[in-house]
Amino acid sequence: MNPALSYRQAFNTILKRDLKIALRHRDDIVNPLLFFIIVITLFAISVGAMPNVLMTIAPGVIWVAALLSTLLSLERLFKNDYQDGSLEQLLLSPCPVFILVLAKIVAHWLVTSLPLILLAPLLAMMMNLHPDGYLALFLTLLLGTPILSLLGAIGVALTVALKKGGVLLSLLILPLYIPVLILATAAVEAATMNSPYQGHLAIIAALFFASLITAPFAVGAALKVSTN
Amino acid sequence: MLNASNLTCIREERILFDALDLDFQPGDIWQIAGANGTGKTSLLRILAGLMEPENGEVCYQQTAIQKCAEEYHQDLLYLGHSPGVKSELTVLENLKFNLQLCSQDTEQCEKLLEQVDLFGFADTLAAHLSAGQHRRIALARLWLTQAKIWILDEPFTAIDKLGVKRLEQRILEHADQGGIVILTTHQDLSLPKSRYQTLTLERIFS
Amino acid sequence: MWKWLHPYANPEVAYQFTGKLIPWFNGIAFILLSIGLFLGLAYSPADYQQGETVRIFYIHVPAAILSMGLYFAMAIAGLSALVWQLKLAHAAIAAIAPVGAAFTAIALITGAAWGKPMWGTWWIWDARLTSELILLFLYFGVIALGNAFEDKSQGAKAVSVLALVGVVNLPIIHYSVEWWNTLHQGATVTKFAAPSMAMSMYIPFVICFFGCAFLAGSLICKRFQGQVLARNSLRPWVKQLALAEDN
């Protein structure tokens, strides 16, 4: 009898596999980023590109764009695995479902949200964000985008078996994103006005840990329903 | 070792089977037969624990499979309709991942590929291979696995004659070592009649 | 302890039982709403600041409370569907969701109508209205997800998960919206300072609230019956019922 796979090994195996697959499908990484840039460009063009107008809406626009591009890329999280049957294999593996779900979410975050965070300063510059807001923007994205991935994964898991899951997914998930959006934009705004924003960050961090602990179980339950 | 009691399955308001009692003992080979849409796949998925029956339960060593999921999954090998092969990965990477997930060592991968006639394709992307070859990648595990219970949904689909023969040989070997094989197929098994049992699902009209 | 509940988990018994409840609920709702609305609209005093418009409160607040309460009830049904595999809970969720959404919509519309004379515009991003709007989105999500599945019981399980996730998030959404509102609008006039409500307003309000609650109960029972029939259409008792109806 083989010793059962340790949780860490299982996590690493799945993480490595998902990263490898993502890197061989570079379009999937690049397209959400392009979408992110284009949405921000559209905002700048539509409101008239006046520097002070841009400055006031910058935190909100950057965050909404980040949120939408995350949503766009989320569908890929379980869809391919569901279609080619590897999701069943994962669910039937001896390791608990929440481990594999967490590994997949982490892999997804690394290939979609991390590049987005690195790109954000550039777009903040285009949106004429106040220089004091950069650090806050970076920190809120760093803490906030994992929440988006975790909550989004629940929606993806619920809709993965449906043929037309796309629009439904946004209907399910976007309302749940509102608290993160509120806190993150408020933090960036506070930073640009030179007032303290550590409190906002602390609440975002609390939400992050809460969703880190609970979301994988909800995703596991949802996946079991979807493969039923 | 594995038994099911009073299984009822309803899909989209149609009763597929009702009050089915099954008992699988070590050394058994079961062929689930029946026309299309009689619930063969549903039955296999229920036995594997992927699907919940409307009624009844499946027990592994007298414990409901939901309650001993980790032990059961350790002893179970399920191959569904779709082979679970990622087209972005090479043949070898696919096989290695499958083995690692069941915590098996990956040193003999090359030998396994030989068994399923994929020698020389190790570094080919699965996307470039045929459906039959995809299935072979999934089946390669059978030559190494220590799982006692095999649940195979249409394992012979898209496999050539020689491959079918080898696979049947392997199935027989596994049963002789005290394993259980439950499979569906539309072809007749060429195993000796005394070695396997057939369960035929009938269509229920209500 | 739970033994007495057991017979009600049988769909047929539950169907008969809710069938008996409906006329009672209807009657009570009719009586309470007639008294409550009469008291509220005709007898209770007008507000010294808001004048007659305050009377919309007798519909708006009960609807708002029920919209939240029904979401909570739906989540409890979801929990029992997932944990205890209770099939009837599937029917209950599907029965509650549209009724809850309707009450949310009523709360939103009456809220907007109340806002017009107060703020001079139909819509303002007030904390309560925004929360109700998001709650409406959550309800729509639940209904849309349930409809998207071909298989009813699979859909019901998916909806159960979503309702539970939603109910965990509901307070977070509510408080973040409230906080966001104070941040952006300063101290907006909150619509009513609840604790100092006069007795002459409080009594009609309570009567109206229970009237609305029984109305919701009756609607849910009716929908629940329909859902139970749809989900058990293969059972002999449903067929008999259909035959009896035909004759």
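The values are calculated or read from the model by the stated rules, or taken from the named source; none is laboratory data. Computed from a predicted model, the values in this text were never measured in an experiment. Don't worry about glycine lacking a Cβ; one is built from the backbone with ideal geometry, like all the others, and counts go over all protein chains shown. Side chains included, ligands, DNA and RNA excluded: accessible areas come from the protein's heavy atoms. Shrake-Rupley method; radii C 1.70, N 1.55, O 1.52, S 1.80 Å.
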### Query
If packing is taken as the mean number of other Cβ atoms within 10 Å per residue, what is the order of B:85-96, C:142-153, A:153-164, highest first?
A:153-164, B:85-96, C:142-153
#### Entry: Alpha-carbon Rg/Rh ratio, for the protein assembly as shown, with Rh computed the Kirkwood way
1.03
### Query
Span-like helices, chain C: DSSP H, alpha-carbon axial extent 18 Å or more, mean Kyte-Doolittle 0.0 or greater, which ones?
C:11-38, C:57-83, C:87-119, C:127-148, C:152-185, C:199-231
### Summary
Among the DSSP H helices of chain A, those whose Cα atoms extend at least 15 Å along the helix axis and whose mean Kyte-Doolittle hydropathy is 0.5 or higher are A:26-47, A:51-74, A:97-108, A:114-126, A:133-159, A:166-192, A:198-227
### Note, ³J(HN,Hα) from phi for region B:108-114, Karplus 6.51, -1.76, 1.60, rounded to Hz, x at Gly and Pro
9, 3, 4, 5, 4, 5, 4
### Query
Mind checking which lysines have their C-alpha under 25 Å from residue C:87, skipping anything on the same chain fewer than 8 residues away?
A:224, B:40, B:67, C:3, C:20, C:152, C:157, C:222, C:239
### List of region B:45-69 residues, accessible area with partners at least 20 Å² below that of the chain alone (1.4 Å probe)
B:45, B:50, B:52, B:54
### Query
What is the spin-label model distance, in nm, from residue C:41 to residue B:6 if the labels are put 7 Å beyond Cα along the C-beta direction?
5.5 nm
### Summary
Using alpha carbon centers only, region C:55-112 is separated from region A:207-222 by a whole-angstrom value of 24 Å
### Message
Using the Kirkwood radius over C-alpha pairs as Rh, can you work out the diffusion coefficient of region B:1-96 via Stokes-Einstein at 37 °C, viscosity 0.692 mPa s, in µm² per second?
### Response
220 µm²/s
### Summary
Eigenvalues of the alpha-carbon gyration tensor of chain C, times 5 and square-rooted, give semi-axes in Å, largest first, of 36, 23, 14
#### Entry: Isotropic mean projected area of the C-alpha convex hull, region A:7-227 (nm²)
11.8 nm²
## Note on the structure
With a 1.4 Å probe and ligands and nucleic acids left out, the total accessible area lost when B pairs with A, in Å² to the nearest 100, equals 2800 Å²
### Task
Determine, from the Cβ-Cβ distance of residue C:109 and residue C:200 and an R0 of 22 Å, the FRET efficiency 1/(1 + (r/R0)^6), rounded to the nearest 0.05.
0.25
### Query
Got a sec to turn the phi values of region B:124-129 into Karplus ³J(HN,Hα) couplings, 6.51 cos²θ - 1.76 cosθ + 1.60 with θ = phi - 60°, whole Hz, x for Gly and Pro?
7, 5, 4, 4, 8, 9
### Query
In debye, nearest 20: dipole of chain C around its Cα centre with unit charges on the Cβ of K, R (+) and D, E (-)?
500 debye
## Note on the structure
Hydrodynamic calc, chain B: Kirkwood Rh from Cα pairs, then Stokes-Einstein at 37 °C with viscosity 0.692 mPa s, so D in µm² s⁻¹ is 185 µm²/s
### Query
Using r as the Cβ-Cβ distance of residue B:70 and residue A:53, and R0 as 51 Å, what FRET efficiency do you calculate, to the nearest 0.05?
0.35
### Message
Quick check for me: using +1 on Lys/Arg Cβ and -1 on Asp/Glu Cβ, what's the dipole size of region A:7-227 about its Cα centre, in debye to the nearest 20?
### Response
540 debye
#### Entry: Cα-Cα P(r), region A:128-228, percent of pairs per 10 Å interval
16, 38, 27, 14, 4, 0
### Query
For residue A:198 and residue C:24, what is the calculated FRET efficiency with R₀ set at 51 Å and r taken between the beta-carbons, to the nearest 0.05?
0.35
### Query
If the viscosity is 1.567 mPa s and the temperature 4 °C, what Stokes-Einstein diffusion coefficient in µm²/s follows for region C:56-143 when Rh is the Kirkwood radius over Cα pairs?
95 µm²/s
### Query
Chain pair A, C: how much accessible area is buried, both chains summed, with a 1.4 Å probe, in Å² to 100?
2000 Å²
### Summary
The rounded separation in angstrom of the Cα centers of region B:87-153 and region A:1-61 is 32 Å
### Task
Just grab the label-to-label distance for residue C:34 and residue B:161, each label 7 Å out from Cα along the Cβ direction, in nm (one decimal).
8.7 nm
